[in-house]
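Notes follow once the structure below has been shown.
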Amino acid sequence: MLIKPSEVILYRGSDQGGMGLVHAGARCTANLVSSFVQQGHPDSIYPNLYLNSLYRCYVLEELEQGKVKRPPFYSTDFFKIIKEAIEDWGDSIISISTKGWQKRILERSITHRREEGSGIIETIMTKQETRMSQANWYNIWMLRVKRGLPQSHKSWLLKYSEGLHVNNEMLHKIGKRLAPTCDQCSLPDSRTHVFRCGFNKQVTDGFQRLLVTTTGEDVDDDDLALIDLNIPTSLQLPFLFIMVEVGCHLQASRNKNQPINIQKMNAEIAASSKAFLLTKNYGFAHEMTMFWLSSLFAGRKEVVRTSTTNSDSMPVAWSPTQP
Ligand SMILES: [Zn+2]
């Protein structure tokens, strides 16, 4: 693998743009803290005298430090974690579950940072989030995990918007390619170029029309690269579905250096989107997908039929009857 997602993205929850993976270190420490507190806390219902002495000495500091020897598997940071929890929760830390401890441990140094003294917790930003601080990250995170999207599509969107898909500009930057340009059209091959490249003009034009139809504006490269798109809630699912499907076809076409057969692509996307009909709530996404495929990706002839003035004008955004 050429590039890895930042550690922060691996362990953040999916509601914060992360992959929600289990951090082994945090999980182990959480188990250790939880069993120590359950047995050493003064209100414990499973009291252990030795652990209680350690608790009084190193957490509550009622006993003189050194009165009880600190075992090496309980580090000073281990006791700091418990003291910080007491600052926030007081005596009721005994009711914190192992999962709760795990969250606290992740949020004090791995995915978030805890300010000494004030105890204020702030999210650790990725390089991209710091660089593109003007973006609406909440919007981006929510679109990446849009309810109803297949897992494979969510994963594609996360990789795309975190810049983890390979393109020539990236290969050039890390010294794996001489030129940062597209093999098919010689323009700079940036993250968004796949959706703008003239090699598959019929498809990329269709996608641009879809972008304008759903967002009501010309989307610039920064917003498209991050998927920071203002799309009405009811259109988000079918839009993201088509974006990923079209993106995959475009990537495959580049790799094979063979232009897309748009009829074949439409048929394949239509077949995949039928899966929405098997769900209880997302049947509208199939209807919308079919409508956009026939009106925006059907080639110039059909597009002219749906517009009144010129071939580039958009059909009016269709409002689905279901939410
Ligand atoms: Zn190109």
Inset, instruction - Would you confirm whether any residue within segment 197-205 is within 28 Å of Leu296 (Cα to Cα), within 16 Å of the ligand (Cβ to nearest atom) and in a strand (DSSP E or B)? - result: no
Inset, instruction - Could you give me the residue pairs with C-beta distances under 7 Å whose first residue belongs to segment 195-206 and is within 23 Å of Ser161 (Cβ to Cβ), whose second residue is part of a loop (DSSP other than H, G, I, E, B) and more than 9 Å from the ligand (Cβ to nearest atom) wherever it lies, and which are 6+ apart or on separate chains? - result: Phe199/Pro259; Asn200/Pro259; Asn200/Ile260; Val203/Ile260; Val203/Phe297; Gly206/Phe297
Inset, instruction - Answer with yes or no whether Arg191 is touching a helix residue (DSSP H, G or I) at 6+ places or on another chain (Cβ under 6 Å), in the same structural domain as Ile242 (by TED's automatic domain parsing), assigned to a loop (DSSP other than H, G, I, E, B) and more than 10 Å from the ligand (Cβ to nearest atom). - result: yes
Inset, instruction - For Leu149, state whether it is without any contact (Cβ under 8 Å) to a residue 40 or more places away in the chain, among the hydrophobic types (A, V, I, L, M, F, W, C) and either more than 16 Å from the ligand (Cβ to nearest atom) or not in a helix (DSSP H, G or I) (or both). - result: no
Legend entry - Inter-residue pairs, beta-carbon under 8 Å, first farther than 12 Å from Arg12 by Cα and in segment 104-128, second loosely packed, with under 15 Cβ neighbours inside 10 Å and of a type in the set (Val, Ile, Thr), 6+ apart: Arg108/Ile121; Arg113/Ile121; Arg114/Ile120; Arg114/Ile121; Glu115/Ile121
Legend entry - Subset tally (residues that are in contact with a helix residue (DSSP H, G or I) (Cβ under 9 Å, 6 or more places away or on another chain) and away from the ligand (no atom under 16 Å from the Cβ)) for segment 157-187: 9
Inset, instruction - Taking Ala298 as the residue in question, decide whether it is modelled with pLDDT of 50 or more, of a type in the set (A, V, I, L, M, F, W, C), in the same structural domain as Leu149 (by TED's automatic domain parsing) and in contact with a helix residue (DSSP H, G or I) (Cβ under 6 Å, 6 or more places away or on another chain). - result: no
Inset, instruction - Within segment 160-181, identify whether any single residue is part of a helix (DSSP H, G or I), within 17 Å of Asp228 (Cα to Cα), in contact (Cβ under 8 Å) with a residue 60 or more places away in the chain and assigned by TED's automatic domain parsing to the domain that holds Gly283, and answer yes or no. - result: yes
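The values are calculated or read from the model by the stated rules, or taken from the named source; none is laboratory data. Because the structure is a prediction, the values reported are computed rather than measured. When we count neighbours, we look across all protein chains shown, and the Cβ atoms used for this are built from the backbone with ideal geometry, even at glycine.
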